[in-house]
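> To start, I am sharing the structure in question, which I have written as structure tokens.
The values are calculated or read from the model by the stated rules, or taken from the named source; none is laboratory data. Since we're looking at a predicted model, the values are computed, not measured. Note that we place each Cβ from the backbone using ideal geometry, even for glycine, and neighbour counts take in every protein chain shown. The protein model used for the area step is the full one, side chains on, heavy atoms only, and it has no ligands, DNA or RNA in it. Shrake-Rupley method; radii C 1.70, N 1.55, O 1.52, S 1.80 Å.
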2 protein chains.
Amino acid sequence: MAKDSKPGRRSNFDVDYVIHYKIPTTDAGEAEAAFIELVKAVADVGFATEVRNGGKSSLLVFVKIASDKLLTTQVYKYRIQDWLYGVRASAPNQDLTKYFEDEPVSEAERLRLAYLLITKPKNEGGAGITPKVGHWKYVASIFPLHDHDFNRQWIKQWSTKYYLDNDDITEIRDRFGERVAFYFAFLQSYFAFLLFPAAFGLGAWLLLGQFSWFYALVNCLWSVIFFEHWKMKEVDLAVQWGVRGVSKIQLPRPQFHFEREAEDPVTGEIVKVYSPMKRLARQLLTVPFALACFVVLGGLIVSCFAIEIFITEVYNGPFKQYLTFLPTILLTVFMPTLQTLLTKLAERLTEIENYETVDGHQASLVEKIFVLNFITSYSPIFLTAFIYVPFGKILVPYLNVFQVTAQKFTTEGKPLPTKSWEINPDRLTKQVIYFTVTAQIVNFVTEVIVPYAKRKLFKAVEEVQAEMSAEKQSELHVRDVPEEHEFLKRVRDEAELDVYDVTVDYREMVIQFGYLSLFSVVWPLTACSFLINNWVEARSDAMKIAISSQRPIPWRADSIGPWLNSLGFLSWLGSVTSAAIVFLFNKSKHGPDGSPWDISGWALLLSILVAEHVYLVVQLLVRGAIRKMDSPGLQKERAERFTMRKQLLEQMLDQDVTDKSHGPGMSGGEKITRATLEEEARQISIKGNGSPDDLFWQRQRGASETIQIGRSLISEQAAANQTKAKKK
Amino acid sequence: MAKDSKPGRRSNFDVDYVIHYKIPTTDAGEAEAAFIELVKAVADVGFATEVRNGGKSSLLVFVKIASDKLLTTQVYKYRIQDWLYGVRASAPNQDLTKYFEDEPVSEAERLRLAYLLITKPKNEGGAGITPKVGHWKYVASIFPLHDHDFNRQWIKQWSTKYYLDNDDITEIRDRFGERVAFYFAFLQSYFAFLLFPAAFGLGAWLLLGQFSWFYALVNCLWSVIFFEHWKMKEVDLAVQWGVRGVSKIQLPRPQFHFEREAEDPVTGEIVKVYSPMKRLARQLLTVPFALACFVVLGGLIVSCFAIEIFITEVYNGPFKQYLTFLPTILLTVFMPTLQTLLTKLAERLTEIENYETVDGHQASLVEKIFVLNFITSYSPIFLTAFIYVPFGKILVPYLNVFQVTAQKFTTEGKPLPTKSWEINPDRLTKQVIYFTVTAQIVNFVTEVIVPYAKRKLFKAVEEVQAEMSAEKQSELHVRDVPEEHEFLKRVRDEAELDVYDVTVDYREMVIQFGYLSLFSVVWPLTACSFLINNWVEARSDAMKIAISSQRPIPWRADSIGPWLNSLGFLSWLGSVTSAAIVFLFNKSKHGPDGSPWDISGWALLLSILVAEHVYLVVQLLVRGAIRKMDSPGLQKERAERFTMRKQLLEQMLDQDVTDKSHGPGMSGGEKITRATLEEEARQISIKGNGSPDDLFWQRQRGASETIQIGRSLISEQAAANQTKAKKK
């Protein structure tokens, strides 16, 4: 429909999806049977199919929705569903030609519906193909094709632009769906909001220095405003994009195992049931999981920390220059390994929690990943701020274990040389700078440059290999029709790419926000660093989508989902840690080396308590204020609702019920009364004597008689009053 | 309609509303003109009218909806409005006779619509009568008549019943509307929930004693569960009663003054605007108001407290037995006066905040009243617990001012006798017992017995007076038709009654909940006292409505409104105060006389901090758990939505768009493909050569060709693999 396919070298040949089918090497018969079933299933639901050689023992099945009619039917059906669930304010117009002119089908909508048609279970009218799962284990992936013209133009445009506007986001939405668009909208909004703390932070750095309570206050206030603003903006965008409430329309998860089928007591439908108590029991496993993360990762961090302190600040013996790198090496080796293991564990745990819906699964996984990242990202700084500095004097002597251990390995009997130890107050600052600058750069490199380089390298290696076994290469390509060769090569490349996972990008931004909220009082330039980083981040994420990933399936979304809670949590925690850090370190004038607990523990706790409650009150106020503000999205919604109500009301009230309901005027009023009374009189004459009720209402026939009698009562009472007055 | 009017002595003669019209004594002409206008306005919108002498220089205008048709039209119109606003799931059936059989009009609905018809502005189709305001200043009140048969039966039934069930609440709803019913539902739910802390409190009192941290923990947990449960119950009831979301349909406030009229940018309607900035400025006045309350009431309480301590615990001179009563006298004299003044001020402030809607006004007023009551109710106990006991030793010497003052008035030069002072640790317990037992009884007496006695007394005085001026009495009654005499006498009595204000009753319950949540750790029997009190309370409130108030106008509501926030606040504050009280007083073994700040201020703060966060976490968990629970209301809603969706979907999809959308089977799939391809081939022959897109999709004609080619590709690759395997 609205798909602008430019024919030529870069055309996608109108392909909607490519199904990448891995031929199992074990059994050719099974491979054939599964393939036939696949094509049949897809063709059955109305796709046109083409098959090509996929290279590396695989096939590429190209599918497109065969007829416009099927597409329009699907669009119409899903739009009606949206309307029924309250996502759309108005029901689709029944004049279809006009309707699709008014609200054309975007590329994202077409692709989403096509994907649903491929993956939905058979009993719901889909082909029921679930990549990699069970029956369809040979289907490696189902992916749409990149629009390379668009991608090139997109990257070019963004890399020459200072600031992304709403049009840029809307374009992403039309191409990659609301889920991806929401990430970029969040990034854009966060970037715009960062301008203030960057400027203010620079000022604070120059004028106030570190650990300023004023900076902490402003920073907290900013994070509240940002958070509350985003919550509103999110709703606003969802309304503007017509997706508000889509999270209510849940996608069933194909991996869901049900225990039994039961009849829904309400709807009478057969539903698949999994005991919620069982799920709860499994959800409770999250607690030991979090503890395990804490112990394992925390233990690693603490050990490396202790070793580092011992080596850099206590130890003064031989090989010091080499030993300094020991903790870093330990961290670099073990941390990613442990993290990967724990992430796998988190996925496994979420798997056995067995959610019915994709969203439920996703939310639970995100929670666990957040816990994991929270520990790895923030605990080193927590350790320095709240253990090392206040308690260092007490704890460092225990580091002697290392000395004792080291002693054993030295042959000579004389003690290892150590230097007398003092707390290094700059440590915290250095650490924060590391996490907010160095780590961001490292992250960028590992996220963008390394995969790119890796792919290039693999590609080169492969090509060399292929050239060496030239006969196989030719065998593969021999069947490619010349005009398709370029295209098929591209598709084969895309089939090898990773699936784009927006969660990873969200995680990065949320963790970054955490540094700003929790620790930027240590180093006010944090926001400046993030501002620069995020400018690059938006572009590199765009590149990641365009170049290093398969084109994402354009899912819808009405919010940034479970990350919202994480943001809120970090914003709140920021009020607590900022207050504590300011309290502990702002006294640097008289040295941060004393253990503050016995001096003013209550003052520390009081400042935390006050900061937290100020935060909560401010949040309430900001929330109240922001809720009162109008926004384009809400205006649009109001307008739509109003129009719908007006139309419906007119339709309903056009019917015979409303005529002469009110406003018949004085005489009309009397007429009604009189008519009723006459009717009543007739009733009385039928029944015999009137009931007391009837008699009561017949004393004054109509309003004019009431007025007459009322007047006489008034004048009587006035007269009585006068008499009384005279008497007095 | 569903109104069961029992004719006879106690009948209401089918009267819907009585308009009590006070004849102004100044100008008979004006009185007449205003009266005529009144009757005309009411008759114009379709009411039948009757006028009778109201006694005491007033008229009683009886009105009833004249025709059934008008009533049904109104009901239909408002039900459609409800449907459009999402309050009702399904649109009213258009077969009206059947519709009204299925969903009959309750008495409350009829009365509500009649009241709206009387009071709505003229341009919205009402008579525009606003009692006491502006143009209608002679209209003293508009009230429906009590159904005395029902009331007698109601009171009788309730006073012989231990436990109120849902039917009792539903009956109230049908008679007095959802707003009153919600209060009784809340009371019932609270009463049921009190059973647990009453039993547990008794046990704790016997086994654990006062200031037990375990009791505090259980009590906090209970208050969280109660609060979260009520939030769900509220929604559930609203759904069951079909009023969920009615708070969205706002009643405009007649007293609202607009600054200018503007066109709504969205709907194009003319709306009345009042600058939100101006309102905000005026809302900010709440802050000085709260401060003023705090200073004035707090000052009074502190002074009386100080005087009391001085007299009872320090002073030992002459007149001690009389002076002991001084603080009580001061409090009894000044407190109600100040409270009345401040309530007036609160009303005035809310008035000038100038809300558009009744709900907005009400919510703002409730907030202020809560602040007022919070200070008067809890500050004496706060004072004892957190100032008197911990700091008494430091502060009491300052009470010498009283001694010096007193000294001046004694002629003799010798110093006044004082006794050496010690902190009285029982003071707190005594105070809590006073507030939770004595004050509740006093409250019951002033709320129920005093007004009743007062009314009886006044009545008696009046009758004596009337007998003395017998000729005036006869003048009044001479016009009463004998069969109406009893009825009119009753109506004249009802016209003199107070308007029932449910806010007062809510306030009482919320403040009571506060004692339980904040201070019951001091005296665990608190809940027992409240349990008994609330049994009586429900009955006495019912009596208040039935006997001492005009019948309330049956407004709708979908929640207990702004009180919900107050409840949540008190529940949260309870976690803090309980922890602090337990910490401060649980050490009573080694005497509570030391100032704890320099000993373990941080421990106190830490216990508060921990308690609060435990509370917040538990709240999150309980909320999560309760949200997952199903309830009859939510089931009903789901069922309704499901039916509606099903119906609408069937209607929509019956149309021509859906036929042969999918499931055409393998051959059907091919048919579609082939048909499309043929169409495409035709297109190509028209256009000349096919585009690359067309060529791509024409290589394999239909799914069976795709399968064929796929099979050959698979066998080829299998062969290649075998060759490779052999080579190795």
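> So what is the relative contact order of segment B:219-344, in percent, for Cα pairs below 8 Å that sit 6 or more residues apart?
Dividing the mean separation by the residue count of segment B:219-344 yields 13 percent.
> Find out how many positive minus negative residues lie around residue A:447, taking Lys and Arg as positive, Asp and Glu as negative, among other residues whose Cβ is under 10 Å from that of residue A:447. Could the numbers behind the result be given before it?
Values: positive: A:544; negative: A:505, A:508, A:537, A:541.
With Lys, Arg at +1 and Asp, Glu at -1, the net is -3.
> Checking buried surface per residue: for segment B:696-713, which residues lose a minimum of 50 Å² accessible area in the protein assembly relative to the chain alone (1.4 Å probe)?
B:696, B:697, B:699, B:700, B:706, B:707, B:711, B:713
> Provide the solvent-accessible area of residue B:426, counting protein heavy atoms only and rolling a 1.4 Å probe, rounded to the nearest 10 Å².
Around 90 Å² of this residue is reachable by solvent.
> Right, another one. Which value, in Å² rounded to 10, gives the accessible area of residue B:27 with a 1.4 Å probe and all protein chains present?
70 Å²
> Report the equivalent ellipsoid semi-axes for the protein assembly as shown in whole Å, largest first, defined as the square roots of five times the eigenvalues of the gyration tensor built from alpha carbon atoms. Numbers along the way, then the final one.
On the way: eigenvalues 914, 532, 134 Å².
Computed over the protein assembly as shown, the values are 68, 52, 26 Å.
> Between chains A and B, what is the buried accessible area summed over both chains (1.4 Å probe, protein heavy atoms, nearest 100 Å²)? Don't skip to the end; give the middle numbers.
Numbers: alone 40080 and 40190 Å², together 69730 Å².
About 10500 Å² of accessible surface is lost on pairing.
> Still on this structure, I have one more. With r defined as the distance between the Cβ atoms of residue B:284 and residue B:721 and R0 fixed at 56 Å, what FRET efficiency is calculated, to the nearest 0.05?
Details: r = 80 Å, r/R0 = 1.43.
After rounding to 0.05, the efficiency reads 0.10.
> Report, in deg cm²/dmol and to the nearest 500, the calculated mean residue ellipticity at 222 nm for chain A, where each DSSP H run with n ≥ 4 adds -39500 (n - 2.57) and the sum is divided by the residue count.
Numbers: 27 runs with 468 residues, N = 728.
So the helix-based figure for chain A works out to -21500 deg cm²/dmol.
> In straight Cα distance, which aspartates and glutamates are under 15 Å from residue B:231, not counting same-chain residues fewer than 8 positions off?
Qualifying aspartates and glutamates at Cα under 15 Å: B:558, B:630.
> Under a plain spin-label model, where a point goes 7 Å from the Cα along Cα-to-Cβ, how far apart in nm are residue B:610 and residue B:333?
Here the modelled spin labels are 4.9 nm apart.
> Also, I was wondering about something else. Check residue B:17: other-chain or 5+ apart residues with amide H under 5 Å from its amide H, H built from backbone geometry?
B:63
> Using θ = phi - 60° and the Karplus relation 6.51 cos²θ - 1.76 cosθ + 1.60, list the HN-Hα couplings for segment B:503-520 in order, rounded to whole Hz, with x at every Gly or Pro.
4, 4, 5, 4, 4, 4, 5, 5, 5, 4, 4, x, 4, 5, 6, 7, 10, 5
> Which net charge results for the neighbourhood of residue A:292, defined as the other residues with beta-carbon distances under 14 angstrom from its beta-carbon, given Lys and Arg at +1 and Asp and Glu at -1? Write down the numbers at each step before the final one.
Values: positive: A:344, A:348, A:368; negative: none.
With Lys, Arg at +1 and Asp, Glu at -1, the net is +3.
> Of B:120/B:456; A:233/B:248; A:248/A:489; B:272/B:344; A:628/B:636; B:69/B:161, which sit over 31 Å apart, Cα to Cα? Intermediate values should be presented prior to the final figure.
Numbers: B:120/B:456 36 Å; A:233/B:248 22 Å; A:248/A:489 40 Å; B:272/B:344 27 Å; A:628/B:636 33 Å; B:69/B:161 41 Å.
Table pairs above 31 Å Cα-Cα are B:120/B:456; A:248/A:489; A:628/B:636; B:69/B:161.
> At a Förster distance of 51 Å, what's the computed FRET efficiency of residue B:398 paired with residue A:344, Cβ-Cβ distance as r, to 0.05?
On the way: r = 68 Å, r/R0 = 1.33.
Efficiency, rounded to the nearest 0.05: 0.15.
> Decide, for segment B:236-299, between rounded, prolate and oblate: order the square roots of the alpha carbon gyration tensor eigenvalues as a ≥ b ≥ c, take rounded if a/c falls under 1.5, and otherwise choose prolate if a/b is larger than b/c, else oblate. Working shown, then result.
Working: a/c = 3.41, a/b = 1.27, b/c = 2.68.
Oblate is the answer for segment B:236-299, as a/c is 1.5 or above yet b/c matches or exceeds a/b.
> Per 0.36 nm of contour for each residue apart, how much would the distance between residue B:498 and residue B:647 grow if the chain were fully extended, relative to their Cα-Cα spacing?
Details: separation 149, 0.36 × 149 = 53.64 nm, distance 4.90 nm.
Going from the current span to full extension adds 48.7 nm.
> Between residue A:630 and residue A:202, take the C-beta separation as r, use R0 = 35 Å, and let me know the FRET efficiency to the nearest 0.05. Intermediate results must be reported in sequence, preceding the final value.
Details: r = 33 Å, r/R0 = 0.95.
Working from the Cβ atoms, E equals 0.60.
> Under a 1.4 Å probe, what is the accessible area of the protein assembly as shown per residue, stated in Å²? Intermediate results must be reported in sequence, preceding the final value.
Values: 69730 Å² over 1456 residues.
The answer is 48 Å² per residue.
> While we're looking at this one, here's another question. Once ligands and nucleic acids are excluded and a 1.4 Å probe is used, how much of residue A:459 is accessible, expressed in Å² to the nearest 10?
Estimated to the nearest 10 Å², residue A:459 gives 80 Å².
> Once amide H atoms are built 1.01 Å from N in the peptide plane, which residues 5 or more positions from residue A:120, or in another chain, come under 5 Å H to H?
Here A:127, A:128, A:129 satisfy the definition.
> Please check which bits of segment A:486-523 a label hung off residue A:214 would reach, taking the label as a point 7 Å along Cα-to-C-beta and the cut-off as backbone N under 19 Å.
A:520-523
> Separate question: What is the antiparallel percent of DSSP beta bridges lying wholly in the protein assembly as shown, to the nearest 5? Before the final figure, lay out each step's value.
Details: 46 of 48 bridges.
Here the antiparallel bridges make up roughly 95 percent for the protein assembly as shown.
> For segment A:604-621 and segment B:337-403, what is the separation of their Cα centres, given in Å?
23 Å
> Could I ask something else about it? Probe radius 1.4 Å, ligands and nucleic acids ignored: give me the carbon and sulfur share of the accessible area of chain A as a rounded percent. Write down the numbers at each step before the final one.
On the way: 21580 of 34810 Å².
Heavy-atom surface of chain A belonging to carbon and sulfur, 1.4 Å probe: 62 percent.
> Going by amide H atoms built from the backbone, whose H comes under 5 Å of the H on residue B:357, apart from near neighbours?
Here B:253 satisfy the definition.
> In the neighborhood of residue B:235, defined by Cβ-to-Cβ distances under 11 Å, what is the net charge if each Lys or Arg adds +1 and each Asp or Glu adds -1? Intermediate values should be presented prior to the final figure.
Working: positive: B:231, B:233, B:244, B:627; negative: B:234, B:236, B:558, B:637.
Overall, the nearby charge balance is 0.
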